[in-house]
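The values are calculated or read from the model by the stated rules, or taken from the named source; none is laboratory data. Just so we're clear, the structure is a prediction, and the values are computed from it rather than from any experiment. Cβ atoms come from the backbone with ideal geometry, glycine included; neighbour counts cover every protein chain shown. Quick note on the areas: whole protein, heavy atoms, side chains included, nothing else; ligands and nucleic acids left out. Shrake-Rupley method; radii C 1.70, N 1.55, O 1.52, S 1.80 Å.
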Amino acid sequence: MLSRNRMLIRSLLSSSFPCTRSFSGTAPPLRKFLETGDTLRQTRIFTNEDVTEYSKASLDSNPLHFDSELARNAGFEDRLVHGMLVAALFPRIIASHFPGAIYVSQSLHYKSPVYVGDAVAGEVQVTNIRENKSRYIVKFSTKCFKNDKLLVIDGEAVAILPTLAA
């Protein structure tokens, strides 16, 4: 039942949000285990609806997210996507590959704005793995790129994973 649910979740996630895995090694084994240096990545286009729904949930109604003229007068190209909404890609990437993961911490450095309609690729790369009581404490480098090249968010995350099997 659990593997059927995982297949269903992966199917749903891959249909709406393309996801790639980049594991170290030349020939991937039948069952891959997460290793230091491995990278997980997903891309998402942020919509007006995303911004509106996030604003309702977070109660963040800063007019920079809703008023194009005000955003341009403040020096931006257009309305901004909430930074925390963009950063939500990181726990989503981790949990989609490791159901039951517990997100422990995240540091964020915002480098460039994200606008409604931008395609953003979120990327987590394993920098350290430590076993602790049959669970794994994994440290990730976290980055988001706009148009696959412009760094918009940089940081680090720590998650507790129930397994390293991907």
With Cβ to Cβ distances under 11 Å as the rule, what net charge do the other residues near Val51 carry (K, R +1; D, E -1)?
-> -2
For Asp67, the accessible surface traced by a 1.4 Å probe with all protein chains present amounts, in square angstrom to the nearest 10, to 70 Å²
For segment 44-59, take each phi angle, set θ = phi - 60°, evaluate the Karplus expression 6.51 cos²θ - 1.76 cosθ + 1.60, and give the result in whole Hz per residue in order, putting x for glycine and proline.
-> 8, 9, 8, 10, 4, 4, 4, 5, 4, 5, 5, 4, 5, 6, 8, 6
Excluding Pro91 itself, calculate the net charge of residues whose Cβ lies under 15 Å from the Cβ of Pro91, where each Lys or Arg counts +1 and each Asp or Glu counts -1.
-> +3
Loop sites in segment 103-166: trypsin sites (Lys or Arg not before Pro), DSSP, at most 16 other Cβ within 10 Å | Lys111, Lys133, Lys149
Residue by residue through segment 139-154, the couplings from Karplus 6.51 cos²θ - 1.76 cosθ + 1.60 with θ = phi - 60°, in Hz, x for Gly and Pro, are 9, 10, 7, 10, 9, 10, 10, 9, 6, 6, 9, 7, 5, 10, 9, 9
